[in-house]
Amino acid sequence: MKRWYREAFSAEPLKYLWYYPVEWDMIDEQRGWVSCQFWCRMADPGDGSIHEFKCFSLLKYAGDGLWSYEEDLWDPSEMEAALDAWVEAKARCQ
C-alpha cells in the first residue's frame, strides 16, 4: 500500500495536491478516535483558480504517539472533476 501511495502521489497531477485545509474535526478521547473533513486542494495552476475535493478521515489512536488505523473516504467523481479542471487550467496557463 505504501508503494502504491508513494507512486500515485508522485505522478502528475496528484503530486500537486499540496494543501489540506480542515473544514471540521472531532476528537473522541474516550475511544481514541479523530475524525475530520478536509479539502484536498491542488496547487495554483497559474491563474489563481482553486481546484479541490472533500475527504473524510477517521483515525484511531494506538498510544505512544502512534496511530493504529486510518480510513479516508472521498467521492471519486469529485476527485476526477477537480483533477481534470486543474489539468485544463494548467494547460491554458502554459
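When the accessible area of the chain is split by element with a 1.4 Å probe, what percent falls to carbon and sulfur?
Working: 3710 of 6930 Å².
Solvent-exposed carbon and sulfur of the chain make up 54 percent of the total.
The residue list Cys93, Trp74, Gln37 was ranked by how far each Cα lies along the charge dipole of the chain toward its positive end, using unit charges on Cβ atoms, and Cys93 comes out on top.
In the elastic network of the chain, a GNM with C-alpha springs shorter than 10 Å, the most mobile of Asp25, Asp64, Asp72 is Asp64.
Please calculate how many Å² of accessible area the range 1-40 carries per residue, with a 1.4 Å probe and no DNA, RNA or ligand atoms counted.
Details: 3450 Å² over 40 residues.
Ligands and nucleic acids excluded, the figure is 86 Å² per residue.
Would you mind checking the tilt of helix 76-93 against the longest principal axis of the Cα atoms of the chain, expressed as 0 to 90 degrees and rounded to 10? It works out to around 40 degrees.
Shown here: Cα Rg over 2.2 N^0.38 Å, derived from the displayed model; of the candidates (i) 1.26; (ii) 3.18; (iii) 1.88, it corresponds to (i). Report summary: the helix-based calculation at 222 nm, which adds -39500 (n - 2.57) for every DSSP H run with n ≥ 4 and divides by the residues of the chain, gives -8500 deg cm²/dmol.
The values are calculated or read from the model by the stated rules, or taken from the named source; none is laboratory data. Since this is a predicted model, take the numbers as computed values, not measurements. Note that we place each Cβ from the backbone using ideal geometry, even for glycine, and neighbour counts take in every protein chain shown. Quick note on the areas: whole protein, heavy atoms, side chains included, nothing else; ligands and nucleic acids left out. Shrake-Rupley method; radii C 1.70, N 1.55, O 1.52, S 1.80 Å.
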